[in-house]
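Presented below is the structure to which this report refers.
Nothing in this text is a laboratory measurement; each read-out follows from the coordinates by a stated rule. Remember, it's a predicted structure, so these values are computed and weren't measured experimentally. Cβ atoms come from the backbone with ideal geometry, glycine included; neighbour counts cover every protein chain shown.
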Amino acid sequence: MPIIFQIHRIFGEMVLPLLIVIVAISMTVVYKPGAARGPIERIFPVLVDLQVGLGIIYWLSLVTIPGLTGRYLGFPFILHPILGLVASGLAHMALGNKNPLRTLGRWAPLASLAVLFVLVLSTIMVVMITKTMPA
């Protein structure tokens, strides 16, 4: 499990936030109303899904350890997997036709991905907070 944790940590803390910024800028620059979905719009949500999937696998491995179950099912750590699942859904909506901010036109992907960026940073902060809490 350490390899899953390392991939999840590196991708989540370093790669995903940068990728969100790059995709947001790219989607704002190349915006065309009614255009077919390009490769970025198809690949980006899958990358977020992979990140969430790795996190869920690692979290499930922690929950099954006797003595740690209550810690990882309790507040505030339970927020991390929940926010991850919300982020995955938002990543799919942000670049698709179901974007709740689609009325913003060119700025819809940027606004949606800004919300996703804040959500990803908040999941990182939940882990940072739980590391400082006594067991």
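Dividing the Cα convex hull volume of segment 1-112 by residue count, how many Å³ per residue is that? Numbers along the way, then the final one.
On the way: hull volume 11.1 nm³, N = 112.
Once divided by residue count, the hull of segment 1-112 is 99 Å³.
Which of the DSSP-defined H helices in the chain satisfy a minimum axial length of 18 Å, computed from C-alpha atoms, and a minimum mean Kyte-Doolittle hydropathy of 0.0?
Numbers: long enough: 16-29 (20 Å, 2.72); 39-63 (36 Å, 1.38); 79-94 (21 Å, 1.35); 108-132 (37 Å, 2.07).
Span-like helices here: 16-29, 39-63, 79-94, 108-132.
Most fluctuating residue of F117, F75, F44 in a GNM of the chain with Cα springs under 10 Å: which is it?
Result: F75 has the largest fluctuation of those listed.
Which residue, chosen from T130, I10, G34, occupies the Cα position most advanced towards the positive end of the dipole of the chain, where the dipole is computed from +1 (Lys, Arg) and -1 (Asp, Glu) charges on Cβ about the Cα centre?
G34
Would you give the gap between the C-alpha center of segment 33-50 and the C-alpha center of segment 85-115, rounded to a whole Å?
Centre-to-centre (Cα) distance: 11 Å.
Considering Cα pairs under 8 angstrom that are at least six residues apart, work out the relative contact order of the chain and quote it in whole percent.
Value for the chain: 34 percent.
With unit charges on the beta carbons (Lys and Arg positive, Asp and Glu negative) and the dipole taken about the Cα centre of the chain, which residue among W107, M1, I25 sits farthest to the positive side?
Highest projection toward the positive end goes to W107.
At q = 0.20, 0.26, 0.28 Å⁻¹, what is the log10 ratio I(q)/I(0) for segment 66-135, with the Debye formula run over Cα points and no solvent?
Ignoring solvent entirely, the Cα scatterers give -0.78, -1.06, -1.15.
Using the Cα centre as the reference, give the magnitude of the dipole from point charges on the C-beta atoms of segment 2-132 (Lys, Arg: +1; Asp, Glu: -1; all else neutral), rounded to the nearest 20 debye. Before the final figure, lay out the partial values.
Values: 9 positive and 3 negative charges, 49 e Å.
Dipole magnitude for segment 2-132 comes out near 240 debye.
Have a look at R37, R71, R106 and tell me which one the Gaussian network model of the chain (Cα, springs below 10 Å) gives the largest fluctuation.
Maximum among the listed residues: R37.
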